[in-house]
Amino acid sequence: MAEAADYSALEHLRDGRPVKIRALRPDDRADMLAAVGRTSMHSLQRRFFVPKKGFSERELAFFMDIDFETHVALVAQIDEDGQPAIVGGGRYIVVQPGQAEIAFIVVDDYQGQGIGTILMRHLAALARDAGLKELIAEVLPENTAMLKLFKKFGFKTASKGSPQVIHLALQLP
Ligand SMILES: CC(C)(COP(=O)(O)OP(=O)(O)OC[C@H]1O[C@@H](n2cnc3c(N)ncnc32)[C@H](O)[C@@H]1OP(=O)(O)O)[C@@H](O)C(=O)NCCC(=O)NCCS
């Protein structure tokens, strides 16, 4: 747990700019809200499946209260004019022993730069190190970027279920 809570790694965007991948911290609340403010309704809907204008205190507490065991959250931090800015995040939540649900969101201006792929790689490594056996995800059928990313990592369609949502699963070695 301590390891995931202190997680930090340096990566690079496709254009070479450095991006820090690190554990979400309790004092990130304002920066997280700033990132949400820069994210389009379209992207928020793809992440949360419903139109989102903001978050209730309860939702915020849930998203910020990370124990790094059953709920692990990483952010992507970029330097913008000398100031660190959160431009993406990914998290997994253990839903039953050995199995966690994973999801991501990247600020629109930074999509297509590799951040989603990098976050996936780091979260999958943390999940594996934590002894998890399977990652699962739910994706809207029209979300080609997310589907492409998950397929790249070997996720397979898990069940048909509701036609509005695609269920995916990845067995961890
Ligand atoms: C889905 C999302 C997380 C991907 O993050 P990202 O940083 O843009 O992803 P990457 O840059 O690593 O690209 C991943 C793949 O998607 C493709 N992609 C990225 N943006 C795309 C777009 N707008 N349309 C089609 N494909 C796209 C990339 O080409 C890449 O494939 P490649 O590696 O073969 O080139 C991001 O687009 C996002 O936040 N979307 C809105 C929220 C969302 O859908 N969350 C998913 C909920 S599970």
Surrounded by fewer than 20 Cβ atoms within 10 Å (Cβ to Cβ), touching a Phe, Trp or Tyr at 6+ places or on another chain (Cβ under 9 Å) and aliphatic (A, V, I, L, M), is that true of Leu24? no
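Within the group Asp28, Asp15, which residue is in a helix (DSSP H, G or I) and either acidic (Asp, Glu) or without any contact (Cβ under 8 Å) to a residue 12 or more places away in the chain (or both)?
So the residue among Asp28, Asp15 that is in a helix (DSSP H, G or I) and either acidic (Asp, Glu) or without any contact (Cβ under 8 Å) to a residue 12 or more places away in the chain (or both) is Asp28.
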When you check Pro163 against the structure, is it assigned to a loop (DSSP other than H, G, I, E, B), surrounded by fewer than 22 Cβ atoms within 10 Å (Cβ to Cβ) and of a type outside the set (Ser, Thr, Tyr), yes or no? yes
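Computed from the coordinates by the stated procedures, all read-outs in this text should not be read as laboratory data. Note that the structure is a prediction, hence the values are computed from the model and not measured. In this analysis, Cβ positions are derived from the backbone assuming ideal geometry, glycine residues included, and neighbour counts consider all displayed protein chains.
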